[in-house]
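Colleague: Sharing a structure with you now.
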Amino acid sequence: MKSKKYVIFLSIVAALGGFLFGFDTAVISGAERFIQTNWQLSDWTHGMAVAIALYGTVIGALFGGIPADKYGRKISLLWIGILYLVSALGSALAPDVIIFMIFRFIGGLGVGASSVVAPMYISEIAPAKNRGVLVALFQFNIVFGILVAYFSNYLIETANLPESWRWMLGVEAIPALIYSILIAKVPKSPRWLIAHQNNVEEARKILTKTDPEGVTEAIRLAIEEREREKDKVGFGTLFHGKHMKMTWLAILIAMFNQLSGINAIIYFAPRIFEMAGIASENALLSTIGIGAVNMVATMMGLYLIDRIGRKKLMYIGSF
């Protein structure tokens, strides 16, 4: 029972990266109109200022696994927390749009890297029987972070603070700092310790606390992974032979998720509501409804995924 609570704690801490992912993604929705007015931005510059974090996200997702393999999951998660913290403070204090975009880009790097490293850490620290549920914590935290960002924007706007958009962006520094402190207290991934440092003894100590019943099996699997690493195949093999179909299927599914237009809603929800004739304050309140529906739908998906199957849920989601 003690080990189960410890694993849940470690998974929640790592999954807080998902909360910051969602918060960082959605928080710009409350600030983007003020940014455009404050700096008199053209439509192109305004669009770039809002979207620049996504460019960082792509790069962070592509290359986030490299430091995670070289320096470890824990160190990478700690630096991700620092990226979020620096981005939040820098964006809030930015004197002009160029500096603003630089710091938003840094936050995007954290978003992309956390989407790779946090689920990786959770899957490697959690016992096999609980792995699926605990990894799902990351996805839940993303939508929870989006909801909290909308709620935070609404509260700050109604408080009538001077330059409220800076407060909207800067408040992310609080969970980012908490996350960084907590990550410093978690152990290293036992699988990484074995596969990349051949440190079986330290891994065994950690596994004794997290998965006392599966220590031997976890060590065996990690050693097998280490052996496979020696014969690691190149990235290009994903686009050849038997892997081609599954690779393109994964790419297209991810593309369709984004092409559905949900990002435009998340980034510009208050503006869209205002264009529909809703007053500014009520527009921010209405975005909370979007976040709530998003979270409820995610919870339903997590509940149904093992009951009706992945493929059937994909059909429903596509429809």
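The values are calculated or read from the model by the stated rules, or taken from the named source; none is laboratory data. Note that the coordinates shown come from a computational prediction; the quantities given were computed from them, not determined experimentally. Cβ: placed from backbone, ideal geometry, glycine included. Neighbour counts: every protein chain shown. The accessibility values were calculated without ligands, DNA or RNA, using every heavy atom of the protein model including side chains. Shrake-Rupley method; radii C 1.70, N 1.55, O 1.52, S 1.80 Å.
Colleague: Would you tally the residues in the stretch 237-289 being assigned to a helix (DSSP H, G or I) and at positive phi?
Modeller: Going through the stretch 237-289, the residues assigned to a helix (DSSP H, G or I) turn out to be 237-239, 241-259, 262-275, 280-289.
Keeping just the survivors that are at positive phi gives 241.
Number of matching residues: 1.
Colleague: Now for a different question. Please state which of the following conditions residue 40 fails to meet, knowing it meets all the rest: (1) open to solvent by 30 Å² or more (accessible area, probe 1.4 Å); (2) part of a helix (DSSP H, G or I).
Modeller: All conditions are met except number (2).
Colleague: Could you list, in sequence order, the residues of the stretch 251-261 that are under 19 Å from residue 316 (Cβ atoms) and open to solvent by less than 80 Å² (accessible area, probe 1.4 Å)?
Modeller: Going through the stretch 251-261, the residues under 19 Å from residue 316 (Cβ atoms) turn out to be 252-261.
252, 253, 254, 261 - these are the residues of the stretch 251-261 that are under 19 Å from residue 316 (Cβ atoms) and open to solvent by less than 80 Å² (accessible area, probe 1.4 Å).
Colleague: Still on this structure: Which residue pairs have Cβ atoms under 8 Å apart, sit 6 or more places apart or on different chains, and have a first residue in the stretch 269-294 that is within 12 Å of residue 26 (Cβ to Cβ) and a second that is surrounded by fewer than 19 Cβ atoms within 10 Å (Cβ to Cβ) and among the hydrophobic types (A, V, I, L, M, F, W, C)?
Modeller: What qualifies is 288/151; 290/265; 291/151.
Colleague: So which of 194, 272 is at pLDDT 85 or above, over 30 Å from residue 55 (Cα atoms), touching a helix residue (DSSP H, G or I) at 6+ places or on another chain (Cβ under 8 Å) and of a type in the set (A, V, I, L, M, F, W, C)?
Modeller: Working: 272 fails: over 30 Å from residue 55 (Cα atoms).
One residue alone meets the criteria, 194.
Colleague: Taking only the stretch 172-187 into account, find how many residues are of a type in the set (D, E, K, R) and surrounded by 20 or more Cβ atoms within 10 Å (Cβ to Cβ). Explain how you work it out, then say what you get.
Modeller: So the first thing to find is which residues in the stretch 172-187 are of a type in the set (D, E, K, R), and the list is 172, 185.
Still in the list and also surrounded by 20 or more Cβ atoms within 10 Å (Cβ to Cβ): 172.
Of the residues in the stretch 172-187, 1 are of a type in the set (D, E, K, R) and surrounded by 20 or more Cβ atoms within 10 Å (Cβ to Cβ).
Colleague: What is the number of the single condition among (1) surrounded by 21 or more Cβ atoms within 10 Å (Cβ to Cβ); (2) closer than 21 Å to residue 283 by Cβ; (3) in contact with a Ser or Thr (Cβ under 9 Å, 6 or more places away or on another chain) that residue 73 does not meet?
Modeller: Here residue 73 clears every test but (2).
Colleague: Looking only at residues in the stretch 95-118 that are more than 15 Å from residue 82 (Cβ to Cβ), free of Cβ contacts under 8 Å to residues at least 40 places away in the same chain and assigned to a helix (DSSP H, G or I), which one is least open to solvent (accessible area, probe 1.4 Å)?
Modeller: Result: 99.
Colleague: Then there's this: Give all pairs with beta carbons closer than 6 Å in which a residue from the stretch 58-74 that is closer than 18 Å to residue 180 by Cα and assigned to a helix (DSSP H, G or I) meets a residue that is of a type in the set (Lys, Arg) and open to solvent by 50 Å² or more (accessible area, probe 1.4 Å); count only pairs at least 6 apart in sequence or on separate chains.
Modeller: Qualifying pairs under 6 Å: 74/188.
Colleague: Go through 156, 80, 122 for me and flag whichever is among the hydrophobic types (A, V, I, L, M, F, W, C), surrounded by 18 or more Cβ atoms within 10 Å (Cβ to Cβ), farther than 26 Å from residue 288 by Cβ and modelled with pLDDT under 95.
Modeller: Values: 156 fails: farther than 26 Å from residue 288 by Cβ; 80 fails: modelled with pLDDT under 95.
So the residue among 156, 80, 122 that is among the hydrophobic types (A, V, I, L, M, F, W, C), surrounded by 18 or more Cβ atoms within 10 Å (Cβ to Cβ), farther than 26 Å from residue 288 by Cβ and modelled with pLDDT under 95 is 122.
Colleague: Quickly run through the stretch 263-279 and pick out the residues that are farther than 19 Å from residue 21 by Cα, surrounded by 13 or more Cβ atoms within 10 Å (Cβ to Cβ) and not aliphatic (A, V, I, L, M). Before you say what the answer is, go through the steps one by one.
Modeller: So the first thing to find is which residues in the stretch 263-279 are farther than 19 Å from residue 21 by Cα, and the list is 270-279.
Next, only the ones that are surrounded by 13 or more Cβ atoms within 10 Å (Cβ to Cβ) stay: 270-274, 278.
Scanning the stretch 263-279 gives 270, 271, 273, 274.
Colleague: Can you tell me which residues in the stretch 87-112 are aliphatic (A, V, I, L, M) and closer than 24 Å to residue 187 by Cα?
Modeller: Within the stretch 87-112, 109, 111 qualify.
Colleague: Let me ask you something else. Do you know which residues across the stretch 152-204 are touching a Gly at 6+ places or on another chain (Cβ under 6 Å), under 30 Å from residue 216 (Cα atoms) and assigned to a helix (DSSP H, G or I)?
Modeller: Of everything in the stretch 152-204, those that are touching a Gly at 6+ places or on another chain (Cβ under 6 Å), under 30 Å from residue 216 (Cα atoms) and assigned to a helix (DSSP H, G or I) turn out to be 183, 192.
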